[in-house]
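Some notes on the structure that comes next.
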C-alpha cells in the first residue's frame, strides 16, 4: 500500500467516526423516538377524555413516558420544557374524570413530571458528554496511531488537549524534541507523565482558567490522552528498533550471500590456477624439456670431440629449437604476468596486445579510453588487463574496447563490443565464468548482454583496495553501466 492510499484510508476512518457515531438501530433513531413520544402523548390525551371514572387519573400518569422520551433524546432543557408543557395542558384542559385540580394535585403532577423531565434530560446530557469524550478519544487515538512523523507528536497532543478540555495553558515536553506550549498558567494545574511500559517519554502540563477547575472526567480524559501519546511514542520507538533489526538482518544476509559468492569464486579461481599449472607443466615437459635434452645431447657430443659427425644442419636445427624454446618460455612468462604492465602501464600494454592480435589473427580491434588513466593502482590494472585478455580469447571477432572512470570516480568501466559475434550468450557466459569470479572477488561485476546481432560486455572494477569489499560487503551500492553510446570516445593518442 502506498503512502497516498494510507492517507486516504486514514482520513476516511476519521470521517466515518465523525458521521457514524453513535451507531443507532432504526428503533433508536431520533425521528422514531420523538414520533413515538408524540404518539404516546396523543394516546394519553385521548384516553383521559374517553375514560369516565377514577381510572382517568391513572391514565394521566402515562404522560411521564413521552416526557421521559423527550428528555432522554434532547437533553435537560427539552425534558424540562416537555414536563412544563404537559403540566400546563393538564391544568388548562382537565379531563371529564378529573374536571378540576386543586393546588396539591397540580403540585403533585408537576413534581412527578418535572422530576422525570429533569432526571431524563440530565442523564441524556451526561451520556452525550461521555459520548463526546469517547469520540474525542477515539479520534485522537486514530490520529496518534497513524502519526507519520514523531517530531509532530507534541504539537498534535497540544491540539488534542485544547479540543477535549477548556484549558488556559498546555505544555508538552518530550525527550529529544522541542517543547511545545500554549497560553499561560492561571488556575487549577495538572502535571501528567507521558510514559508507557516503564519508559518515560516526557510530561504533559495543563492549567485551567482562573474561574474554572478541572473536573474528574476532564482529569481522566487528560490522563488518557497522555497515555495515548506515550503509546504512540513507544510504537515509534519499537518501529524504529524493528526497522533497525530488519536492516541488520538484511545486511547479515547480504554478507552471508557475499561470502558464499566469495567462496564460490575462490573455487573457480583455484580450478583455473590448477588448469594453468597443468598447462605450464605440459608445455615445459613437451617442448622446453625436449629442446633442452636435444641441446644437452649435442653439447655432450661436442665435449667428447665427436665434431665430424655433427653437420651444420644439425647444429642449426638445435639452435632453432633452443631459440623457439626461449621464445615459448618468454611467452609463457608473459601470459602469467606481463612485464609491460608494470613498466609502461595499462593502455600501452593493451595497445601492444591488440597489435599482436591484429598481426597474428587479422582482427580489427579499436581502443577508446579516457585521458589520465595512468594513475590506476596496480591491482586495478591487473584486473582490467585480465578482463580484456580473456575477452579476446572468448570472442574471436572484431572488437571495440572502451575504458573510462564513472562519474563518481569510484569504478573503472570497461565496455567490450562486437557487432559480428556468432556464438551464443550462454557459451560466452560459461567461458567467462572465471573472469566474473575474479571481478566479484574484488567487489566488481561483469554483465553480458545482446545488442542486435552483436554482444556487449560491461565490466566494473572498484578503484579502491580489494580488501574493502570483503570488510564492507554489506555496502553494495548499484553503479551505472557504461553502454557503447555512453562510453568515453576520446581515442588514445597512439591508437590510429
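The values are calculated or read from the model by the stated rules, or taken from the named source; none is laboratory data. Note that the structure is a prediction, hence the values are computed from the model and not measured. Glycine gets a Cβ as well: all are built from the backbone with ideal geometry, and neighbour counts include every protein chain shown.
One table, with the values for the structure above:
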item	result
Tally of residues being surrounded by 17 or more Cβ atoms within 10 Å (Cβ to Cβ) and within 26 Å of the chain's Cα centre (by Cα) across the range 148-193	5
Condition met for residue 109 (under 60 Å from the mean Cα position of the chain (by Cα), on the phi < 0 side of the Ramachandran plot and at pLDDT 80 or above)	no
Candidate set: the range 115-134, residues that are surrounded by 15 or more Cβ atoms within 10 Å (Cβ to Cβ) and within 49 Å of the chain's Cα centre (by Cα); chosen: the one nearest to residue 227 (Cα to Cα)	133
Single match in 389, 360, 381 (criterion: exposed (fewer than 12 other Cβ atoms within 10 Å of the Cβ), in a helix (DSSP H, G or I) and free of Cβ contacts under 8 Å to residues at least 60 places away in the same chain)	360
Any hit, the range 139-146, residues being assigned to a helix (DSSP H, G or I), without any contact (Cβ under 8 Å) to a residue 40 or more places away in the chain and surrounded by fewer than 15 Cβ atoms within 10 Å (Cβ to Cβ)	no
Looking only at the range 203-212, and only at residues there that are under 19 Å from residue 160 (Cα atoms) and without any contact (Cβ under 8 Å) to a residue 40 or more places away in the chain, the one that is surrounded by the most Cβ atoms within 10 Å (Cβ to Cβ)	203
